[in-house]
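*Asks:* So that we are looking at the same thing, I have put the structure below in structure tokens.
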């Protein structure tokens with residue numbers, strides 16, 4: 001059973017590691033770096049299926065951090081982040097261990113699908129079961145072999161199909177360890193939430209392993225701006241834990257958001273967008289105009305609150321009830337403070353540049 005909140009370890013006191021580190025039946029000794037394959041099942045033809053695991057262990061004991069990508073098989077930005085982290089900017093561990101699964105849902109990746117072959121969502125199946133469905137068995141394998149041996153975790157996600165997300169960290173800010181990790185990652189926006197039941201981060205936090213996710217970008221893409229932010233965030237976390245040398249790079253500002261609002265269309269039609277990801281919008285400001293097929297204006301969608309565009313559709317048409325925007329709601333005072341800070345941040349900031357990058361698939365009117 002999950003430990004009560006008061007019984008969980010805090011981020012300041014990671015689990016003492018007097019025992020060894022064993023993954024996929026392989027012992028990783030201090031100072032070793034290994035590439036492993038964690039077997040969890042088989043294809044219809046009986047061929048074994050396994051997921052790649054990269055393990056880097058310092059000579060000195062310290063925190064253990066897992067990094068997870070592609071839990072949803074169509075969310076590829078995590079692969080790009082891991083690739084650059086390992087081969088372009090490989091961290092030199094001073095202490096602890098880094099355990100990386102670049103592709104958790106290997107079968108979904110091969111099928112260009114969010115889901116596992118049994119049509120289940122891996123990120124609604126944790127901590128899993130050794131005797132359950134294929135998806136729950138994989139969740140159990142990942143959880144017992146990797147998550148349960150770690151002190152902290154970072155999980156990479158993108159928006160659902162036909163949507164894009166402005167980079168934001170999501171974390172259970174009531175958990176001290178998750179809060180510390182979220183702030184250290186260095187995203188401008190932190191959305192405070194426990195996460196859905198069965199999600200990796202919620203199950204991990206309940207098991208005493210503070211875990212956060214980065215939500216950024218689109219499916220089926222490896223986006224340079226998202227990769228840059230993800231790599232910087234990972235290095236920030238490792239530096240804040242004393243696992244690598246250097247000082248974290250803080251963002252120009254950081255907001256913790258407790259309320260978000262979905263903006264849906266009441267009509268079907270063609271969309272004319274007026275706001276892009278990461279943009280500040282006032283309450284009652286026009287977000288989009290809906291036209292009929294002949295170009296005649298039907299109605300407008302307005303912002304329900306002062307806030308920031310957290311995500312939006314990339315489709316130029318919409319059905320009744322379809323999601324068009326996701327707004328992070330802000331108080332008037334926070335809105336005005338954020339407006340000043342955004343105006344003052346450098347044009348070279350990755351968060352300033354990514355606003356343009358994420359808007360390439362939409363036409364602003």
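*Asks:* Report, by residue number, each residue of the range 333-348 that is in contact (Cβ under 8 Å) with a residue 60 or more places away in the chain, over 10 Å from residue 253 (Cβ atoms) and not in a helix (DSSP H, G or I).
*Replies:* If the condition is that a residue be in contact (Cβ under 8 Å) with a residue 60 or more places away in the chain, over 10 Å from residue 253 (Cβ atoms) and not in a helix (DSSP H, G or I), then 346 is the only one that fits.
*Asks:* From the list 39, 19, pick out the single residue that is in a loop (DSSP other than H, G, I, E, B) and either modelled with pLDDT of 85 or more or over 27 Å from residue 120 (Cβ atoms) (or both).
*Replies:* Testing whether each residue is in a loop (DSSP other than H, G, I, E, B) and either modelled with pLDDT of 85 or more or over 27 Å from residue 120 (Cβ atoms) (or both) leaves just 19.
*Asks:* Let me ask something else about it. Of everything in the range 102-124, what is within 18 Å of the chain's Cα centre (by Cα) and not in a loop (DSSP other than H, G, I, E, B)? Give them in sequence order.
*Replies:* Scanning the range 102-124 gives 106, 108, 109, 122, 123, 124.
*Asks:* Okay, next question. Does residue 246 qualify as being within 23 Å of residue 65 (Cβ to Cβ) and not assigned by TED's automatic domain parsing to the domain that holds residue 66?
*Replies:* yes
*Asks:* Determine whether the range 320-332 contains at least one residue that is assigned to a helix (DSSP H, G or I) and outside the structural domain of residue 227 (by TED's automatic domain parsing).
*Replies:* yes
*Asks:* How many of the residues in the range 75-84 are in contact with a helix residue (DSSP H, G or I) (Cβ under 7 Å, 6 or more places away or on another chain) and surrounded by fewer than 24 Cβ atoms within 10 Å (Cβ to Cβ)?
*Replies:* Within the range 75-84, residues that are in contact with a helix residue (DSSP H, G or I) (Cβ under 7 Å, 6 or more places away or on another chain) and surrounded by fewer than 24 Cβ atoms within 10 Å (Cβ to Cβ) number 2.
*Asks:* Quick one: residue 169 ticks every box in (1) part of a loop (DSSP other than H, G, I, E, B); (2) crowded, with 24+ Cβ neighbours inside 10 Å except a single one, so which number is it?
*Replies:* (1)
*Asks:* Return the only residue of 256, 346 being surrounded by 14 or more Cβ atoms within 10 Å (Cβ to Cβ), touching a helix residue (DSSP H, G or I) at 6+ places or on another chain (Cβ under 9 Å) and within 24 Å of residue 232 (Cα to Cα).
*Replies:* Matching residue, one of 256, 346: 256.
*Asks:* Follow-up. Here is a list: 84, 75. Which entry is assigned by TED's automatic domain parsing to the domain that holds residue 24, within 17 Å of the chain's Cα centre (by Cα) and assigned to a loop (DSSP other than H, G, I, E, B)?
*Replies:* Residue meeting the stated conditions: 75.
*Asks:* Out of the residues in the range 131-160 meeting the condition of being farther than 27 Å from residue 180 by Cα and without any contact (Cβ under 8 Å) to a residue 40 or more places away in the chain, tell me which one is surrounded by the most Cβ atoms within 10 Å (Cβ to Cβ).
*Replies:* Ranking the qualifying residues of the range 131-160, first place goes to 135.
*Asks:* Can you find a residue that is part of a loop (DSSP other than H, G, I, E, B) and either more than 30 Å from residue 31 (Cβ to Cβ) or out of contact with any helix residue (DSSP H, G or I) (no Cβ under 9 Å at 6 or more places or on another chain) (or both) anywhere in the range 226-237?
*Replies:* Scanning the range 226-237, I find no residue that is part of a loop (DSSP other than H, G, I, E, B) and either more than 30 Å from residue 31 (Cβ to Cβ) or out of contact with any helix residue (DSSP H, G or I) (no Cβ under 9 Å at 6 or more places or on another chain) (or both), so the answer is no.
*Asks:* Just to be sure before I move on: is residue 128 assigned by TED's automatic domain parsing to the domain that holds residue 35, in a loop (DSSP other than H, G, I, E, B), crowded, with 19+ Cβ neighbours inside 10 Å and without any contact (Cβ under 8 Å) to a residue 24 or more places away in the chain in the structure I sent?
*Replies:* yes
*Asks:* Criterion first (touching a residue at least 60 places away in the same chain (Cβ under 8 Å) and either in a helix (DSSP H, G or I) or over 12 Å from residue 275 (Cβ atoms) (or both)) does residue 355 satisfy it?
*Replies:* Against the criterion (touching a residue at least 60 places away in the same chain (Cβ under 8 Å) and either in a helix (DSSP H, G or I) or over 12 Å from residue 275 (Cβ atoms) (or both)), residue 355 qualifies.
*Asks:* Residue under question is residue 224, and the condition is that it be surrounded by fewer than 17 Cβ atoms within 10 Å (Cβ to Cβ), in contact (Cβ under 8 Å) with a residue 12 or more places away in the chain and either within 20 Å of residue 158 (Cα to Cα) or not assigned by TED's automatic domain parsing to the domain that holds residue 313 (or both); does it hold?
*Replies:* yes
*Asks:* Which one of these is surrounded by fewer than 18 Cβ atoms within 10 Å (Cβ to Cβ) and within 22 Å of residue 360 (Cβ to Cβ): 295, 278, 286, 311?
*Replies:* Step by step, each of 295, 278, 286, 311 is checked, and only 286 is surrounded by fewer than 18 Cβ atoms within 10 Å (Cβ to Cβ) and within 22 Å of residue 360 (Cβ to Cβ).
The values are calculated or read from the model by the stated rules, or taken from the named source; none is laboratory data. Keep in mind that what you see is a predicted model, and the values were worked out from it rather than measured. Note: ideal-geometry Cβ built from the backbone for every residue, glycine included; neighbour counts use all protein chains shown.
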